[in-house]
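To start, the structure under review is shown below, and the notes come after it.
The values are calculated or read from the model by the stated rules, or taken from the named source; none is laboratory data. All values derive from a computational prediction rather than experimental measurement. Don't worry about glycine lacking a Cβ; one is built from the backbone with ideal geometry, like all the others, and counts go over all protein chains shown.
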Amino acid sequence: MDWNYGPEEQVLWPASVLAGVLMCAAVYKVTKKVSSSCFKCYDGLSPMQKLEWNNRGFSTVHALVAAAVSFYLVMISGLFSEDVNGIIIDRKSWLSDSMFGVSIGYFFTDLAMILWHFPSLGGKEFLLHHGLSMYAICLALFSGKAHMYILMVLFTEATTPFVNLRWYLDVAGQKDHNLYLYNGLAMFVGWLIARIILFVYFFTHVYSHYDQVKSIFALGFYGIMTVPPTLAVMNVFWFRKICRGMVRTLSKMKQHTANGKTD
């Protein structure tokens, strides 16, 4: 693999990774301070629940930033447009480099916390997810290849705020609130679009541009052939759990409504 970097990258890459780590630390502290002042339930949480509460704060911020930047670069900027001459697999920008660096900083920080408190903040599936994500992002960043595909995978982080809000409402004892139901429906739709349908498009795009994909260095090629399919399988597994949870919630609400009418 040829490392695709110059003087600008030598500054941009480490700076963006550091920015990702600092972002996590800053948002963690802000979440802790704001939650203690604004949410009565926060002080009643256990130390581990408070830690996870704050952890989910910076994961939400990263998810929003990653999804927004990925959507802009892939869908709006025209960087990966088919109408532009040049090989799509080789296209990149300073913004995609920066986003990858920030994401590496985030995944590194989150992974460190997961390992330190293992398995309280997440089990083996989270280690696998974060490890594969960092591996794929690092390959794309260092080689300058396949930025479009990594951005598409990063866009799946758009579902994270819904997952985190569900957890917040759960520990706050608000599972009976309408917001819990609406968030669950939004999470279902978001997951279906961003983590199921998007991956179908991803694999279709890889297939239709296979002549470009196979031109990547061996490690990158096999990365594209293995990492996204693995993440896709994990997404389907989690989507199945989401569907089951939504069915249970809707069934309980239907039963509650029926009992109310009977009374």
Exactly one of these conditions fails for ILE137: (1) surrounded by 13 or more Cβ atoms within 10 Å (Cβ to Cβ); (2) farther than 20 Å from SER70 by Cα. Give me its number. (2)
Looking at the structure I just gave you, is THR160 out of contact with any strand residue (DSSP E or B) (no Cβ under 7 Å at 6 or more places or on another chain) and within 27 Å of MET48 (Cβ to Cβ)? yes
SER16: farther than 25 Å from HIS129 by Cβ, small (Gly, Ala, Ser), modelled with pLDDT of 95 or more and part of a helix (DSSP H, G or I), yes or no? no
Mind checking which helices (runs of 4 or more DSSP H) fall wholly inside region 145-243 and carry at least 1 residues that are in contact with an Asp or Glu (Cβ under 9 Å, 6 or more places away or on another chain), aromatic (Phe, Trp, Tyr) and touching a residue at least 24 places away in the same chain (Cβ under 8 Å)? 160-171, 178-191
Looking at region 125-179 only, could you name the residues that are more than 30 Å from GLY44 (Cβ to Cβ) and basic (Lys, Arg)? LYS145
Can you name every residue in region 62-92 that is polar (S, T, N, Q) and at pLDDT below 95? SER81, ASN85
